[in-house]
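In what follows, a structure is listed as structure tokens, so that the remarks can point back to it.
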Amino acid sequence: MENVIVVDVQTTETKIMFTCSGDRAGELFRGPATIEYSFDIGDVPAQDVVFCLLAPLAVTVFGEERVRLEFNRPVTRAAIGYFTLFHLLDTVYVAEDSISDEENWTFSKNNGEVVAHLYGGGKDSLAAYGMLDEIYPDAEHHLLRLHWSPYGAEKHQKAFDEGALKFLPEKFAKNYFWARSDLHKQLRTWDNCNCWHMALYFAIFLPYVLKFAPRTMNFAYDALEYYDPVRDPAKPFRFRRGHPVTTELFEQYYRTLGADTRITDISFGITPNAHFRIVARRYPELFNAMYMCEGTDERWCGFCQKCFQFIIYCLANSIRPEGFPTEILFKEGNRGAKVAELLESGETNKLLPTICAPIHFEAVRSMLQNLDLELAKECFPDHWQVFEKLRDAVAGNYEPRYLGVWKRALDYALPPLLARGVGTICMEAGVDVFDRVDIERQVGNERWVYDWK
Ligand SMILES: [Zn+2]
């Protein structure tokens, strides 16, 4: 059984639109989907962008069945090669007359150094901005952000623009390039968007790379969450999360098209709490720009897990949650109130899943062990005991260990940048990434020694 999906891709100066047809196309999308840009996208292989979205989605929906994709404009062989390798897609293929060997795309020439930040808005991307600004002080820093949300892309964008952008340094905020998409709205099943992960960002920002040719493009998603680089046999995809191999594949893809852009992930080796501490201690002027909430109506909603986690990060690091309306956290139905109810009813096994994703259980447990209860009393005079009880209910002996992953980070991902810049910044911010062990690394022609004092 072979499914045929016919894809019609259209572009305007600032939009990519696509429609799928074929007997079972309706199982992928409800209707035409659009990706809109804040800049003129010019002559861009829009079909590459669409291929990257369709191929993993088709595998998710059709499983083992073969899927033939036919495009009205040819997809580059480079995109098919790299994205297929990234996902290990073996049932989806592109019709031969829908493939192009075109590699001569026109890239702008940038005179100065441009560092592009794929920007989420939370502690990880904020720490990455602080560090890269410190490491490349003379570069022009560009903020790239994708707005898409089940709550609506416009709302998502408005929340970011009003809740985070205005708190960022002017020199960063003025170079704000966004893409906005109704993909969530058009997807037949929202959960299927999980199949896109990092590839989504690299595909959608291809027009930006073509136009601005940044020297460096950094992403700060996922951080330490990619301990597990190997394909999970139970999942159809090779990488569930970011990984140095991801950056390499996308860098090769951009290079094949002619872009001289280096993709970096300086978050490799830095835990979520370390990101928070780097911002709070080394870049306190950026702290107010930390945007973690998943709601779209207010700066902080008090309902989502991220709001609760922000408070845990603050209390674990003795930092006052400036700007957070503390009274909302324990309002009926909100996250703090839910935690209090679970403690009351003794359903302690539901506590961790209520406040964070499984991948963060250990990190959150370790932070809870370091809660500043005096600060909790000051900030939550009526509810501070909830934090104490939560800590006791989920207590564990977990102690975060960094050394293993940092050794890997130095060997794997951008040794000079990590060794000379990020590692030093972490150490100076009091983040002991080497577990008090002295280590040495050969970085290019230099021998780099970290000695923990
Ligand atoms: Zn929230």
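The values are calculated or read from the model by the stated rules, or taken from the named source; none is laboratory data. Computed from a predicted structure; not experimentally measured. Positions of Cβ are generated from backbone atoms using ideal geometry, with glycine treated the same way; all protein chains shown enter the neighbour counts. All accessible areas refer to the heavy atoms of the entire protein, side chains included, with ligands and DNA or RNA removed. Shrake-Rupley method; radii C 1.70, N 1.55, O 1.52, S 1.80 Å.
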Collect the residues in segment 153-174 that are open to solvent by 90 Å² or more (accessible area, probe 1.4 Å) and part of a loop (DSSP other than H, G, I, E, B), keeping them in residue-number order. Lys174
Qualifying position, being over 19 Å from the mean Cα position of the chain (by Cα) and hydrophobic (A, V, I, L, M, F, W, C), among Phe172, Phe167, Phe177, Phe160: Phe167
Within segment 390-413, identify whether any single residue is modelled with pLDDT of 80 or more and open to solvent by less than 10 Å² (accessible area, probe 1.4 Å), and answer yes or no. yes
Restrict the check to segment 285-304 and report whether at least one residue is closer than 19 Å to His156 by Cβ, within 13 Å of the ligand (Cβ to nearest atom), in a helix (DSSP H, G or I) and open to solvent by 30 Å² or more (accessible area, probe 1.4 Å). no
Looking only at residues that are in contact with a Leu (Cβ under 7 Å, 6 or more places away or on another chain) and in a helix (DSSP H, G or I) in segment 201-212, which one is nearest to Ile16 (Cα to Cα)? Ile204
Taking Glu344, is it within 16 Å of the ligand (Cβ to nearest atom), surrounded by fewer than 18 Cβ atoms within 10 Å (Cβ to Cβ) and closer than 18 Å to Asp382 by Cα? no
Mind checking whether some residue in segment 305-316 is part of a loop (DSSP other than H, G, I, E, B) and open to solvent by less than 20 Å² (accessible area, probe 1.4 Å)? no
As an exercise: evaluate Pro32 against (1) over 27 Å from the mean Cα position of the chain (by Cα); (2) open to solvent by 50 Å² or more (accessible area, probe 1.4 Å); (3) at pLDDT 95 or above and give the number of the one condition it does not meet. (1)
Considering residues that are out of contact with any helix residue (DSSP H, G or I) (no Cβ under 9 Å at 6 or more places or on another chain), outside any helix (DSSP H, G or I) and aliphatic (A, V, I, L, M), the number found within segment 52-108 is 2
Being more than 26 Å from Leu210 (Cβ to Cβ) and either open to solvent by 10 Å² or more (accessible area, probe 1.4 Å) or not charged (D, E, K, R) (or both) narrows it down to one residue among Asp90, Asp43, Asp101; which is it? Asp90
For Asp191, state whether it is in a helix (DSSP H, G or I), surrounded by fewer than 23 Cβ atoms within 10 Å (Cβ to Cβ) and outside the structural domain of Pro56 (by TED's automatic domain parsing). yes
Could you tell me whether Gly323 is in contact (Cβ under 8 Å) with a residue 12 or more places away in the chain, touching a His at 6+ places or on another chain (Cβ under 8 Å) and within 14 Å of the ligand (Cβ to nearest atom)? no
How many residues are of a type outside the set (S, T, N, Q) and assigned to a loop (DSSP other than H, G, I, E, B) if we restrict to segment 1-47? 16
Can you report the number of residues in segment 204-237 which are at pLDDT below 65 and open to solvent by 70 Å² or more (accessible area, probe 1.4 Å)? 7
Scanning segment 175-188 residue by residue, those among the hydroxyl-bearing types (Ser, Thr, Tyr) and either in the same structural domain as Leu89 (by TED's automatic domain parsing) or surrounded by 18 or more Cβ atoms within 10 Å (Cβ to Cβ) (or both) turn out to be Ser181
